[in-house]
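The values are calculated or read from the model by the stated rules, or taken from the named source; none is laboratory data. Owing to the predicted nature of the structure, the values given are computational and were not obtained by experimental measurement. Here Cβ is always computed from backbone atoms with ideal geometry, including for glycine, and neighbour counts include all displayed protein chains. With ligands, DNA and RNA removed, areas are computed over all heavy atoms of the protein, side chains included. Shrake-Rupley method; radii C 1.70, N 1.55, O 1.52, S 1.80 Å.
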Amino acid sequence: TIAARIDTTLLDTLEYAFRAGYLSGQRKIEALNFSIARLDVAKFFLLVGWESDAITNAQHLRISGLLVDASKMLVGWRSYLEKKTPADESGRK
């Protein structure tokens, strides 16, 4: 179901955010990028669930607000790391 898909996607988001806490440098940023992408997918499935009336307006508002807050935190973390992580020899961060 759509709810199970949202749950799985959110668990992926949490897993990679947790992993990022133990990584360093570019690997941490890559884990955060994956986590952010999974969170975006969860927001997409939440919207699909709402548009198909599988999720009520109240549920959608409550959950989407929490996901937006989580997204801001992850993007902020990534931005902080990108500023403090020096570029490697290929010029990438």
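In region 9-22, the residues that are among the basic types (Lys, Arg) form Cβ pairs under 7 Å with partners that are assigned to a helix (DSSP H, G or I), at six or more places apart or across chains, as follows: Arg19/Ala31.
Can you confirm whether region 77-86 contains a residue that is over 24 Å from Ala4 (Cβ atoms) and part of a loop (DSSP other than H, G, I, E, B)? Yes, some residue in region 77-86 is over 24 Å from Ala4 (Cβ atoms) and part of a loop (DSSP other than H, G, I, E, B). The condition of being of a type in the set (Phe, Trp, Tyr), part of a helix (DSSP H, G or I), open to solvent by less than 50 Å² (accessible area, probe 1.4 Å) and touching a helix residue (DSSP H, G or I) at 6+ places or on another chain (Cβ under 7 Å) does not hold for Phe34.
Asp69 meets each of the listed conditions (1) surrounded by 13 or more Cβ atoms within 10 Å (Cβ to Cβ); (2) among the charged types (D, E, K, R); (3) closer than 26 Å to Thr85 by Cα apart from (1).
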